[in-house]
1. Tell me the residue from A:GLY118, A:GLY104 that is in contact with a strand residue (DSSP E or B) (Cβ under 8 Å, 6 or more places away or on another chain) and not acidic (Asp, Glu), please.
2. Restricting to the range A:195-232, what's the tally of residues that are assigned to a strand (DSSP E or B) and out of contact with any Pro (no Cβ under 6 Å at 6 or more places or on another chain)?
3. Going by what's in this entry, would B:GLY294 be described as assigned to a loop (DSSP other than H, G, I, E, B), surrounded by 14 or more Cβ atoms within 10 Å (Cβ to Cβ) and within 11 Å of chain A (Cβ to nearest Cβ)?
4. For the range A:1-41, enumerate the residues that are surrounded by 15 or more Cβ atoms within 10 Å (Cβ to Cβ), part of a loop (DSSP other than H, G, I, E, B) and out of contact with any His (no Cβ under 6 Å at 6 or more places or on another chain).
5. Quick one: which residue in B:ALA217, B:ALA197, B:ALA208 is surrounded by fewer than 17 Cβ atoms within 10 Å (Cβ to Cβ) and either among the basic types (Lys, Arg) or under 30 Å from A:ALA187 (Cβ atoms) (or both)?
6. Just the residues that are in a loop (DSSP other than H, G, I, E, B) and either modelled with pLDDT under 95 or among the basic types (Lys, Arg) (or both), please, taken from the range A:414-443.
7. Given the conditions (1) crowded, with 23+ Cβ neighbours inside 10 Å; (2) away from chain A (no Cβ under 12 Å); (3) outside any strand (DSSP E or B), and given that B:LYS160 satisfies all but one, which numbered condition is not satisfied?
8. Does B:GLU142 satisfy the criteria of being assigned to a helix (DSSP H, G or I), among the acidic types (Asp, Glu) and touching a Lys or Arg at 6+ places or on another chain (Cβ under 9 Å)?
2 protein chains.
Amino acid sequence: MTAELQDLFKFLSFPSISTDPRHKTDVLDCANWVVEKLNGMGLEAMLHETPGHPIVIAKNQHDASKKTVLIYGHYDVQPADPLNLWDSPPFAPEIREGKIWARGATDNKGQMLAHVLGIEKTLAEKGELPVNLILLFEGEEEIGSPNLAPFLESHKDELKCDIIAISDTGMVAPNTGTLGYGLRGIACAEVKITGPARDLHSGLFGGAVANPATAIAQLVASLHLPDGTVAIEGFYDSVRPLEKWEREMWAKVPGVKDEDFQKVTGAPALFGEPGYNSAERTWARPTAEVNGIGGGYQGEGSKTVLPAEAFVKLSLRLVPDQEPQVILQQLKAHLEKHCPLGVKLEIELGHDGKPYACDPHSEFGKAAQRALKATFSGEPMLIREGGSIPIVQAFREILGTDTLLLGLALSDAQIHSPNESFPVENFEAGIRLNRVLLEELAK
Amino acid sequence: MTAELQDLFKFLSFPSISTDPRHKTDVLDCANWVVEKLNGMGLEAMLHETPGHPIVIAKNQHDASKKTVLIYGHYDVQPADPLNLWDSPPFAPEIREGKIWARGATDNKGQMLAHVLGIEKTLAEKGELPVNLILLFEGEEEIGSPNLAPFLESHKDELKCDIIAISDTGMVAPNTGTLGYGLRGIACAEVKITGPARDLHSGLFGGAVANPATAIAQLVASLHLPDGTVAIEGFYDSVRPLEKWEREMWAKVPGVKDEDFQKVTGAPALFGEPGYNSAERTWARPTAEVNGIGGGYQGEGSKTVLPAEAFVKLSLRLVPDQEPQVILQQLKAHLEKHCPLGVKLEIELGHDGKPYACDPHSEFGKAAQRALKATFSGEPMLIREGGSIPIVQAFREILGTDTLLLGLALSDAQIHSPNESFPVENFEAGIRLNRVLLEELAK
């Protein structure tokens, strides 16, 4: 195994699950390993405490005549459950069929470490970098980066840069350079419905009181029209229509045809907002999704109970120019208006992040396209992304800097799902990409 | 502590949860304890194996000149979860505030053992019983008695009797004799919706495929009209309208006014089918309840996942003259018709039991009323019950015998819920009731 892969395996072995308090120490251990790695390469790396998980910052020796490039990544990962669906343990990486299998392999440890190892190679060969480098790696991306914006605010001067690069998005097909210029935003909420003071016998009391599980279902059902359109009042008011060049460009993008979505998802059929194809639906149209729903008896067999409460975890994906805080208020008003009779409604608004779009034809955008062209085959594809990286919007608002999204994640990487993987080939390409990217951006 | 309470504490200490395969041995141990107790009293008791949990049969010496009375009970109990809501452990009974606290205290171990101990007292004092007695105690009532009907079929002659008595229903108020003459039936189904082949990232794929958790919510929402009426086509076609004398009698029944239901359930408001009060809604009108719903992320915090599947456990309470098998087919047709696009629907029909009603003014009905009058204060109340005892219908169909429901369960007993209890006073009254009941039925 190469030294690079050995580093990645070590990095992947930390169960750095940011959402789960039981893994707090694992997240910290992982951050410390990153700091050690960066210092060992000749950068000056430091761990910065936050009220949550720490942020790692590293720099080379800066020179006022060079351009300053910030590379962002995150070392935290999503939970790995359901564990029984993994073919190999999520935190014991394995290589099979040319891919590295582990939680975080693609999202984001594999992509983040490729940049680190590209920098390591350049430093080892040349002793210096063509740019002033700032590495910023956080441990809370999977929980909405609650402490990164305050950190940017308080370290604004130190983090001043000309351009930001992130590899935490999709590559449209193997060996195809992909430049992302837009992301969906997100707005989360958890809704609880309570009814009787405790679980009731559904025979003795069923019929006399509202059932919270039925009520939560009715509330969820109210969120959409039968055709899949979101029914929240005002939801689409600020949605920026797709431009003609975008629809034309996206029609050329490999791997994102409807049939590709069907194959990758394994869904019995595609389904979504009328008038758009799958790429358009996921890149440029907003959604309201249930991430989890629960209430009443969850075990084997039957239990004839009328549950005391039920919950639903919602996340809304937003597109330019929807404002998360406006949308959350619209959601709240909708839920209150549609709450069934006989139950109590509790709404807890969760994390949010603004949608993002920049111009892929800017000076730095063109440099990135050249780097992608040099690393991969053919013309780079210009796309948006369905996922959310709220921090990209924060970079723009706080640091005043645009972000280039140089994705290395394939659509079958199963990020956030069991059996996440990352091709060895993408890992190695990521290392090469970093080297030429820094050169092109320096021009 | 009295010897009777000691017996009850021992009986309650078995976690005889019939639905959970992990408790199979506990259920068997409990059955063996019952057999031992009955043999020790001078009855001839035997444990009969079934494909599930065993049935206990006991008899005295029969005499062709006496009437034959069968007393039915069940020694199995509901699951005890959520455990954290119990004030004392569910299988370590305690007496507080004049009540016995344990899973099964009321449903059905307390009531069943009261009959056994009444018989023990009569035998100890008189050496014989005024009737030919058959005790039939099963261990699968809480899972729909799947093996009792076949057992009745194969032991038809041995179980031939003139009347059946059961104490597994409600007493309308403390110290108030209650004769139940009707029960709701039940029809259960578990519905699963599957979508993508695995949990998906809700950012990358949300919008392009149907969300199974949303779909199950839409399906559940389709089961009712906003006013609480069940929306399944044909559902009310065979419902027997309430008779005038029933509504008048029930208006006199203490403890079942709307305000009592509100107090006992602790619901923020009552809610149900228009045109009926709470007693009528629970005793004489059918329902469609969600017993459990689940799908996607169930843990703390958020996980932005589009779940691969979701489920709902449904139970429909039925009233005369609804036929469970007809209703289940109507339910199936409804679910198939209303299944949202883009997902797959799986319906597993579960256990069912017919609704029941008999004439409370028959010869045995009057004998039961006399026994209740002698044991408690005032005129007995004639009621129906919202719960289901499918076996009552089986007794009628297979043995050709009617069943008297002499309930000792108070509405605040929290059966099927945490902190189930049974007043010591009801336990002692049940022992007395058995003695006078056998005398009255013998006349």
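1. A:GLY104
2. Here the count works out to 5.
3. No.
4. If the condition is that a residue be surrounded by 15 or more Cβ atoms within 10 Å (Cβ to Cβ), part of a loop (DSSP other than H, G, I, E, B) and out of contact with any His (no Cβ under 6 Å at 6 or more places or on another chain), then A:SER13, A:PHE14, A:SER16, A:THR19, A:ASP20, A:MET41 are the ones that fit.
5. Only one candidate qualifies: B:ALA197.
6. Within the range A:414-443, A:GLN414, A:ILE415, A:HIS416, A:SER417, A:LYS443 qualify.
7. (1)
8. yes
The values are calculated or read from the model by the stated rules, or taken from the named source; none is laboratory data. Predicted model only: the values in this text are computed from it and were never measured. Every residue, glycine among them, receives a Cβ derived from its backbone with ideal geometry; neighbour counts consider all protein chains shown.
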